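**Student:** My questions will all concern the structure given below.
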Amino acid sequence: MKPRFQISAFSQFSRGSTRIFTLAFVLVFCFFVLCLSFFIPSAFMLLEAKEKFPCEDLQRLQKIALGLEFGEPLKKLMLWEQDIFIRIKGSPTAEDLQVLQAVVNELNQLQQKIKLTLQPGSEPSEQDNLEIIFAPYRRFQFLDPYYIAHNKGFFSVEQEDDRLYSARILISTNKISQAERNHLIREELTQSLGLFNDTRDQPESIFEARWTQVQKYSEQDRRLIQLLYSGALFAGQPAEQIERAFCSHYFSLRCFLPQGPCQKNHEN
């Protein structure tokens, strides 16, 4: 009789455990469904929130870093991967030198991937890889074979395998005011870093194509400089990989949208 009693007791215990387990499962399932009812709308709200992913910065960077003022758009990014040593030539004013030093300091603060240095003295050095020439703009055609007429400020770069290794900047010493020259110093030096193109959609930007006297970077200008030299992007990176690089660097639920993180922007 004892074995039968033991089996019966075990069966009753098993049935009780099953009921408890089933009840626990139902409670957990209900809790899970309840969580989803809160999480799913929140997730979609995150997907819709533009501020969760810098779509405007991404699209503007593509336009400025892959576009050219003169010529066909680039298919790959061009960046400096070495420090820049700047040699000053020509006849700059005292304010020219002050502004140039201020811009160099600001660029070094915005990013730490490369360092810009103003070379002391007038004697050339083997380190020099970017020269800034202050001269009357009528002489520009003799100073740079790539010069395009009527530009009071101009830059040209040299590259190998999409890595920038040399640049020349021309700043006019006549026909423009000091304020305009200050603007050109900031614009041309910044563009020579790989942000080649101008646009016509942000008058407060240093990249504004129309003639301006903007004396400082806009907030987005600062972000673009930081993004270009953040380490998320690299020289030779194909245009189609830039969005993927942004997703790796700025993780967002928007990156899981079928058409990419900025699909709404593409549709507009």
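**Student:** Quick check, is Phe140 in contact with a helix residue (DSSP H, G or I) (Cβ under 7 Å, 6 or more places away or on another chain) and either part of a loop (DSSP other than H, G, I, E, B) or not aliphatic (A, V, I, L, M) (or both)?
**Tutor:** Spelling it out, it is not the case that Phe140 is in contact with a helix residue (DSSP H, G or I) (Cβ under 7 Å, 6 or more places away or on another chain) and either part of a loop (DSSP other than H, G, I, E, B) or not aliphatic (A, V, I, L, M) (or both).
The rows are residues; the columns are (1) under 28 Å from Leu233 (Cβ atoms); (2) surrounded by 13 or more Cβ atoms within 10 Å (Cβ to Cβ); (3) assigned by TED's automatic domain parsing to the domain that holds Phe196; (4) of a type in the set (Asp, Glu).
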| position | (1), (2), (3), (4) |
| --- | --- |
| Ala102 | yes, yes, yes, no |
| Leu118 | yes, yes, yes, no |
| Leu143 | no, yes, yes, no |
| Tyr147 | no, yes, yes, no |
| Glu160 | yes, no, yes, yes |
| Arg163 | yes, yes, yes, no |
| Ala167 | yes, yes, yes, no |
| Asn174 | no, no, yes, no |
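**Student:** Could I ask something else about it? If I filter region 146-191 down to residues being polar (S, T, N, Q) and over 17 Å from Ile88 (Cα atoms), which single residue comes out as nearest to the chain's Cα centre (by Cα)? Show your work before the answer.
**Tutor:** Kept after step one, since they are polar (S, T, N, Q), are these residues of region 146-191: 151, 156, 159, 166, 172-174, 177-178, 182, 190-191.
Imposing the further condition that a residue be over 17 Å from Ile88 (Cα atoms) reduces the set to 151, 159, 174, 177-178, 191.
Numbers: Asn151: 27, Gln159: 20, Asn174: 34, Ser177: 31, Gln178: 30, Gln191: 13 Å.
Ranking the qualifying residues of region 146-191, first place goes to Gln191.
**Student:** Here's another thing I want to ask about it. Considering only region 220-234, how many residues are of a type in the set (D, E, K, R) and closer than 15 Å to Cys55 by Cα? If you could, list the steps in order and put the result at the bottom.
**Tutor:** Taking region 220-234 first, the residues of a type in the set (D, E, K, R) are 221-223.
So of that shortlist, the ones also closer than 15 Å to Cys55 by Cα come out as 221, 223.
Number of matching residues: 2.
**Student:** Ok, one more. Could you go through region 59-81 and let me know if any residue there is under 30 Å from Gln178 (Cβ atoms), in contact with a Lys or Arg (Cβ under 7 Å, 6 or more places away or on another chain) and at pLDDT 95 or above.
**Tutor:** Taking every residue of region 59-81 in turn, none turns out to be under 30 Å from Gln178 (Cβ atoms), in contact with a Lys or Arg (Cβ under 7 Å, 6 or more places away or on another chain) and at pLDDT 95 or above.
**Student:** May I ask you to verify whether Ile132 is without any contact (Cβ under 8 Å) to a residue 60 or more places away in the chain, touching an Asp or Glu at 6+ places or on another chain (Cβ under 9 Å) and assigned by TED's automatic domain parsing to the domain that holds Arg168?
**Tutor:** Working: without any contact (Cβ under 8 Å) to a residue 60 or more places away in the chain: yes; touching an Asp or Glu at 6+ places or on another chain (Cβ under 9 Å): yes; assigned by TED's automatic domain parsing to the domain that holds Arg168: yes.
Judged against the criteria, Ile132 is a match.
**Student:** Let me ask you something else. Is it the case that some residue within region 192-205 is of a type in the set (Asp, Glu), modelled with pLDDT of 95 or more and more than 17 Å from Tyr147 (Cα to Cα)?
**Tutor:** Of all residues in region 192-205, those of a type in the set (Asp, Glu) come to 198, 201, 204.
Adding the requirement that they be modelled with pLDDT of 95 or more leaves none.
No, every residue in region 192-205 fails to be of a type in the set (Asp, Glu), modelled with pLDDT of 95 or more and more than 17 Å from Tyr147 (Cα to Cα).
**Student:** Which of the residues that make up region 113-137 are hydroxyl-bearing (Ser, Thr, Tyr) and not in a strand (DSSP E or B)? Explain how you work it out, then say what you get.
**Tutor:** Applying the first criterion (hydroxyl-bearing (Ser, Thr, Tyr)) to region 113-137 yields 117, 122, 125, 137.
Within region 113-137, Ser122, Ser125, Tyr137 qualify.
The values are calculated or read from the model by the stated rules, or taken from the named source; none is laboratory data. Predicted model, so just to flag it, every value in this text is computed and none were measured. Neighbour counts run over all protein chains shown; Cβ positions are idealised from the backbone, glycine included.
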